[in-house]
Amino acid sequence: MKMIAALVQNEDADELLGALTEEGFRATRVNAFGGFLRRSNAMVLIGVEEKDVERALRIIKAHCHTRTVRVNPLEAPYLSEPMEVE
């Protein structure tokens, strides 16, 4: 048995959990907050048999996306000027 801990954006979490459940996986969502952008995210914990790890990772990759966010110094005081962050 393996445990996959996927830190995903909140925008992707519900769709990911639905897809995992539809494929027979059991998953738990834990809300997470902080990091560089101080945004809320979701930690999705998935218990999988070793033979199913690749299938679970494919589902995660299919339902979670990279986004670019423009951050200004008012949101992140450690920045001196606005910047785009992936």
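The values are calculated or read from the model by the stated rules, or taken from the named source; none is laboratory data. Computed from a predicted model, the values in this text were never measured in an experiment. Cβ placement follows ideal geometry from the backbone for every residue including glycine, while neighbour counts extend to all protein chains displayed. Note: accessible area is taken over every heavy atom of the protein model, side chains too, but ligands, DNA and RNA are not part of it. Shrake-Rupley method; radii C 1.70, N 1.55, O 1.52, S 1.80 Å.
Okay, here's what the table says:
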| read-out | value |
| --- | --- |
| Between helix 53-63 and the chain: long-axis angle, C-alpha atoms, 0 to 90°, nearest 10 | 40 |
| Ranked by how many other beta carbons lie within 10 Å on average, peptides 22-33, 48-59 from highest | 48-59, 22-33 |
| Accessible surface of the chain [probe 1.4 Å, protein heavy atoms]: carbon and sulfur percent | 51 |
| Helix-only mean residue ellipticity at 222 nm for the chain, each DSSP H run of n ≥ 4 adding -39500 (n - 2.57), per residue, nearest 500 | -8500 deg cm²/dmol |
| Theoretical gain in end-to-end length, N10 to A32 [0.36 nm per residue, Cα-Cα removed] | 7.0 nm |
| Principal axis dimensions, the chain - Cα atoms, whole angstrom, descending | 48, 19, 19 |
| Percentage relative contact order, the chain, counting C-alpha pairs under 8 Å, at least six apart | 31 |
| Simple spin-label estimate for R39 and V85 in nanometres, 7 Å along Cα-Cβ | 0.9 |
| Distance (nanometres) between label positions extended 7 Å along Cα→Cβ at E22 and K51 | 2.4 |
| Between helix 10-22 and the chain: long-axis angle, C-alpha atoms, 0 to 90°, nearest 10 | 0 |
